[in-house]
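Read the structure below first, then the notes.
None of the figures in this text is laboratory data; all of them are computed from the coordinates on show. The model shown is predicted, which means the values in this text are computed figures rather than measured ones.
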Amino acid sequence: MTPEVWQRGPVPGYQPLLMPVVHALLQVKEDVDSLAAELDDAQLWTEPGGAASIGFHIRPRPRRA
């Protein structure tokens, strides 16, 4: 089993004061990626009651320059 992000030590390039936030955001990304991998396309793109699909919320966003 892979250890939690915070158990892997500091993330290079971030100040120690921000490390808890960095660890939390990286953990969320790993968890969402893992859970989304278990969904098929129908589950990922279903719009229940007209609401936005899971896929809409987790798809990568282009970075702004």
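Can you check how the C-alpha radius of gyration of the chain compares to 2.2 N^0.38 Å, as a plain ratio?
In units of the globular-protein estimate, the chain measures up at 1.43.
Report, in degrees rounded to the nearest 10, the 0 to 90 angle that the Cα long axis of helix 19-36 makes with the longest principal axis of the chain.
30
Quick one: compute the contact order of the chain, relative version, from alpha carbon pairs under 8 angstrom and 6+ residues apart, as a percent.
The value is 19 percent.
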